[in-house]
Amino acid sequence: MEPNREIFGSNLMAIFALAGSAIGLGNIWRFPYMVGQHGGAAFIIVYILCTLVFSLPIFYCESIIGRRTGRSSIGAMRQLAPGSRWTLIGVFTVLGPLMITSFYSVVGGWSIAYLLRSCFSSFGAMSHEEIGSLFANFTGSVWGPVLAHTAFLLISAIIISAGVRKGIETFSKYSLPPLVVLMILLMVYSISLPGAHAGVEYMVKPDFSRLDARAIASAMGQSFFSLSLGMGTVLTYASYMSKKDNIISTGAWTAVFDLGFALIAGFVVMPAVFAAGLEPQAGPGLVFETLPFIFADMGAASPLLSKVVTVVFFLSVLIAALTSEISMYEVCTAYLVEERKMSRRKATVLVFVVAWSIGVACAVLPKVFDFCDFVSSNVLMTLGALAFSLFIGWRMKKAVVEAELTNDGSLPGNRKVFKVFYFLTRYIVPVGIGIIFLSNFITF
Ligand code: TRP
């Protein structure tokens with residue numbers, strides 16, 4: 001480890017940063033819909049099982065590599081497997097985050113635009129047709145999305161240039177608790193709407209007959225995406241953890257917060273959708289088309305309440321997106337600082353320029369956007385995760401892995417978890433990742 005390398009202030013701060021990375025758009029616009037589509041509580045049970053069996057082991061693999069070496073992804077692989085092909089994993093895990101940083105920033109920009117819109121004008125004053133075409137018009141234009149993307153990336157760059165402690169840690173510490181409080185308030189409001197019970201039912205009613213192969217592959221993929229795995233993000237953040245921190249409990253808490261937030265988001269979104277008599281959907285349409293409809297309806301009855309709810313909602317989306325964005329931004333920055341010996345400021349600017357350029361292409365060309373999304377989320381992420389699990393399971397010495405998870409034996413309670421983890425990582429996780437990978441290409 002470099003002598004003056006920063007580390008997080010405490011284990012709790014590491015959890016905040018990791019949870020910030022995990023909690024993002026995936027929790028708000030994909031999880032609720034998936035739960036409803038695939039059998040409510042039945043899907044949630046499968047989701048939890050997938051997290052325990054697949055996602056947490058991968059989380060631990062990345063954490064072990066990061067904390068052991070105290071270096072960011074490429075450097076970590078160079079240190080652990082010098083001169084071998086394993087160092088290629090590091091390359092993947094810088095390209096992937098760079099791509100996600102770019103297109104995620106476009107979406108983050110949309111949330112800034114909608115936040116400003118909800119502050120300065122009201123959705124309530126618009127007809128349903130107007131709202132329906134608003135999103136298409138906005139994303140179809142050039143200046144609006146590009147400016148919004150620039151603003152979002154600039155905020156991320158400012159946080160990153162401030163460093164690990166003053167930037168990432170401080171931002172996560174002060175933004176996550178209010179984010180959770182805001183979402184809980186929205187949830188209470190949403191559930192209290194007349195007709196909301198159908199949405200609650202959609203989320204919780206267990207329907208085991210819907211649990212087909214597709215549902216299980218979706219649960220795996222979502223749990224994976226939601227914990228930001230396979231991209232070197234967990235690796236990089238873990239490299240800022242103290243040698244005394246407990247990797248196992250850190251991963252467990254991150255997963256608990258991530259799932260808790262996803263469930264809250266589900267109870268914000270779905271009751272409101274059903275109360276308004278609309279069809280649930282997933283993706284950008286849910287956040288930027290369906291929900292503004294609902295806010296418009298509310299606006300007719302109570303303009304002030306509508307404004308407050310809208311502002312709070314888009315502010316929450318923005319914070320959730322920012323805490324994820326900075327975690328990817330940091331992967332690229334850490335590489336430039338540590339391996340290319342750049343100053344942090346210079347590295348931040350360089351990543352900004354590259355991510356801004358790719359982001360502009362994503363903002364104006366939907367095909368580029370879809371390409372970046374597909375390649376990073378479905379190909380690079382799964383291959384990255386596969387490589388991490390194979391590296392820990394088959395290449396790294398077992399004793400070293402155990403030492404890292406038990407802090408050289410000083411956390412004897414972790415030894416049992418280690419045994420289960422090691423078995424899963426060697427034999428089960430690679431198969432699971434293979435299934436997720438194939439499910440991207442096969443419809444079943
Ligand atoms: N976990 C984030 C979400 O739920 C998205 C994400 C996927 C991500 N991969 C990542 C974030 C890698 C940071 C790094 O929206």
### Query
Cβ-Cβ below 8 Å, separation at least six or inter-chain, first residue in the range 417-435 and small (Gly, Ala, Ser), second assigned to a helix (DSSP H, G or I): which pairs?
GLY432/CYS50; GLY432/VAL53; GLY432/PHE54; GLY432/MET220; GLY434/LEU386
#### Entry: Pairs with Cβ under 7 Å, 6+ apart, first in the range 17-30 and more than 8 Å from the ligand (Cβ to nearest atom), second among the charged types (D, E, K, R)
ALA17/GLU169; ALA19/ASP258
### Residue within the range 307-317 that is crowded, with 19+ Cβ neighbours inside 10 Å, more than 16 Å from PHE120 (Cβ to Cβ), within 16 Å of the ligand (Cβ to nearest atom) and at pLDDT 80 or above present
yes
### Task
Look at PHE374 and say whether it is within 19 Å of LEU134 (Cα to Cα) and of a type in the set (Phe, Trp, Tyr).
no
### Task
Go through the range 50-64 and give me each residue that's among the aliphatic types (A, V, I, L, M) and touching a residue at least 40 places away in the same chain (Cβ under 8 Å).
VAL53, LEU56, ILE58, ILE64
### Task
Kindly indicate whether LEU235 is away from the ligand (no atom under 15 Å from the Cβ) and either modelled with pLDDT of 95 or more or touching a Gly at 6+ places or on another chain (Cβ under 7 Å) (or both).
no
### Summary
With the first residue restricted to the range 88-100 and required to be more than 10 Å from the ligand (Cβ to nearest atom), and the second required to be charged (D, E, K, R), Cβ contacts under 8 Å at 6 or more apart or on different chains are GLY90/ARG78
#### Entry: Within the range 152-267, helices (runs of 4 or more DSSP H) holding 2 or more residues that are of a type in the set (Val, Ile, Thr) and either free of Cβ contacts under 8 Å to residues at least 24 places away in the same chain or touching a Lys or Arg at 6+ places or on another chain (Cβ under 9 Å) (or both)
170-191
#### Entry: Qualifying position, being touching an Asp or Glu at 6+ places or on another chain (Cβ under 9 Å), among the aromatic types (Phe, Trp, Tyr) and within 21 Å of THR290 (Cα to Cα), among TYR202, TYR104, TYR114
TYR104
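The values are calculated or read from the model by the stated rules, or taken from the named source; none is laboratory data. Predicted model, so just to flag it, every value in this text is computed and none were measured. For neighbour counting, all protein chains shown are included, and Cβ atoms are generated from backbone atoms with ideal geometry for every residue, glycine included.
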